[in-house]
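Notes for the one structure printed next.
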Amino acid sequence: MLIAAPGVGGLEQDTLKPNSQGGVVVGDRGFICTTFDGGYEWSREELPAAHGNVHLQDAFMLDDHSAIAVGGDCSGKYQNVNCGIFRRAPGRPGPCPCTVVTWSKMPLGPKQGQDDLFKLQAVTFCSATLGLVVGDRGRILRSVDAGATWNVISSGVQEDLHVVHCVDED
């Protein structure tokens, strides 16, 4: 599938869940498009206004209507508006652009390395509930509740991590 979006730079990812009709594409300045028919039609969606300049790096469809998108440079602090882990609330947009679809920045666990995060690079889910996000300086974040909350876990490395895949849930 080839996706062209004239005038939209920095298209980063297309993520279509196998055997499903849902998909999401992310890019510069909070660019998000979703499909629910295998890519025949796409709807433009947006992050909350405060996060509109986030350079989204990756996305993952949790099911046919929910997704997680990650990206941006936290510059050491997750509270920075230029980065985040964002979750799309379940639901389909309507036939016109007047339907609002909510993407929200997800919280980190209390005192979980929030002051030591930099660029967020990739996201995957190993199951319906277990998700992983990786980033610069060896940072790994884990969710065990389908992306509702995230905790920093140790990777043991300082190198930038750009890709994450699951072998199993352990």
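The values are calculated or read from the model by the stated rules, or taken from the named source; none is laboratory data. Fair warning: this is a prediction, and the values are worked out from it, not measured in the lab. Cβ sites come from the backbone with ideal geometry, for glycine too, and all protein chains shown count toward neighbours. For the accessible areas, the whole protein counts, side chains as well, though only heavy atoms, and no ligand, DNA or RNA atoms are used. Shrake-Rupley method; radii C 1.70, N 1.55, O 1.52, S 1.80 Å.
A few comments on the model shown:
- Complete set of residues in the range 40-73 that are part of a loop (DSSP other than H, G, I, E, B) and open to solvent by 20 Å² or more (accessible area, probe 1.4 Å): Tyr40, Glu41, Trp42, Glu46, Pro48, Gly52, Asn53, His55, Leu62, Asp63, Asp64, His65
- Cβ pairs under 9 Å, 6+ apart, first in the range 21-38 and without any contact (Cβ under 8 Å) to a residue 60 or more places away in the chain and within 16 Å of Asn82 (Cβ to Cβ), second among the acidic types (Asp, Glu) and in a loop (DSSP other than H, G, I, E, B): Gly30/Glu46; Phe31/Glu46
- The set of residues from the range 146-170 being open to solvent by less than 60 Å² (accessible area, probe 1.4 Å), without any contact (Cβ under 8 Å) to a residue 60 or more places away in the chain, out of contact with any helix residue (DSSP H, G or I) (no Cβ under 8 Å at 6 or more places or on another chain) and of a type outside the set (Val, Ile, Thr) comprises Asn151, Cys166.
- Yes/no for Gln79 being under 23 Å from Arg137 (Cβ atoms), polar (S, T, N, Q), buried (at least 16 other Cβ atoms within 10 Å of the Cβ) and at pLDDT below 80: no
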